[in-house]
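The values are calculated or read from the model by the stated rules, or taken from the named source; none is laboratory data. As the structure is a prediction and not an experimental result, all values here were calculated from the model. Heads up, the Cβs are rebuilt from the backbone with ideal geometry, glycines too, and the neighbour counts pull from every protein chain shown. Surface areas here come from the heavy atoms of the whole protein model, side chains and all, with no ligands, DNA or RNA. Shrake-Rupley method; radii C 1.70, N 1.55, O 1.52, S 1.80 Å.
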Amino acid sequence: MKTKPVASHVSEDFQIECQIIGNLLATIPQLNPNPPPFVLTKQFTSEQQAKLVKDHDTGFLTTGKINVLVNMVAKQEKAFAWEDSKQGSLRPDFFPP
């Protein structure tokens with residue numbers, strides 16, 4: 001059985017209200033094309049770094065690009081769900097109940 005979407009109006013009671021505060025792009029650090037060697041962070045462990053490198057070392061990205069990726073993930077570690085319990089979590093101040 002196939003289902004087809006039907007265009008309709010969603011009541012305001014069921015609409016998601018998003019209140020993003022400030023300019024999120026203003027705080028993103030610049031990418032360093034020559035990143036320093038990997039240093040453990042609070043959440044980005046050496047095991048996670050090794051898995052990230054292994055998963056992306058397919059021949060598409062150069063070693064230098066993979067190092068930039070690792071550096072970016074380390075700098076932005078708060079943006080990732082490192083535990084299953086954090087998956088699907090959004091900032092409560094951006095999405096009030």
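Taking trypsin sites (Lys or Arg not before Pro) as exposed when DSSP calls them loop (any state but H, G, I, E, B) and at most 15 other Cβ atoms lie within 10 Å, what is the longest stretch of the chain free of them, the sites themselves excluded? Show your work: numbers first, answer last.
Numbers: sites that count: LYS2, LYS42.
Within the chain, the longest run free of exposed trypsin sites (Lys or Arg not before Pro) spans 43-97.
Which FRET efficiency value, to the nearest 0.05, do you get for LEU69 and ILE20 by plugging their Cβ-Cβ distance into 1/(1 + (r/R0)^6) with R0 = 30 Å?
Working: r = 26 Å, r/R0 = 0.86.
Once the sixth-power term is evaluated, E becomes 0.70.
Answer with a single label: of (1) 35, 20, 15; (2) 24, 17, 11; (3) 76, 29, 11, which was calculated as semi-axes √(5λ) of the Cα gyration tensor in Å from the structure in view?
(1)
Return the single residue from LEU25, LEU40, LEU69 with maximal mean-square fluctuation; model: Gaussian network over the chain, springs between Cα atoms under 10 Å.
Of LEU25, LEU40, LEU69, the most mobile in the Gaussian network model is LEU25.
What accessible area per residue, rounded to a whole number of Å², is obtained for the chain using a probe radius of 1.4 Å?
Details: 8730 Å² over 97 residues.
So the chain comes to 90 Å² accessible per residue, rounded to a whole number.
In nm, to one decimal, how far is the SER89 label point from the THR41 one, both placed 7 Å along Cα→Cβ?
That separation, rounded to one decimal, is 1.6 nm.
7 Å from Cα along Cα→Cβ at both ILE28 and LYS4: what's the point-to-point distance in nm?
3.9 nm
Hey, in the GNM for the chain with a 10 angstrom Cα cutoff, which one of THR41, THR62, THR27 fluctuates hardest?
Judging by the Gaussian network model, the answer is THR27.
Tell me, what is the percent relative contact order of the chain, built from C-alpha pairs under 8 Å that lie six or more residues apart? Before the final figure, lay out the partial values.
Details: 48 pairs, mean separation 42.7, N = 97.
RCO, the chain: 44 percent.
Count neighbours as other Cβ atoms within 10 Å of each site's Cβ, and list the chymotrypsin sites (Phe, Trp or Tyr not before Pro) in the stretch 3-97 that are DSSP loop with at most 15 such neighbours.
On the way: sites: PHE14, PHE38, PHE44, PHE60, PHE80, TRP82, PHE94; in loops: PHE38, PHE44, PHE60, PHE80, TRP82, PHE94.
For chymotrypsin sites (Phe, Trp or Tyr not before Pro) across the stretch 3-97 that sit outside H, G, I, E and B with at most 15 neighbouring Cβ atoms in 10 Å, the list reads PHE60, PHE80, TRP82, PHE94.
Tell me which of ALA26, PHE95, VAL68 sits at the most positive position along the dipole axis of the chain, charges placed on C-beta atoms (Lys, Arg +1; Asp, Glu -1).
Value computed over the given set: VAL68.
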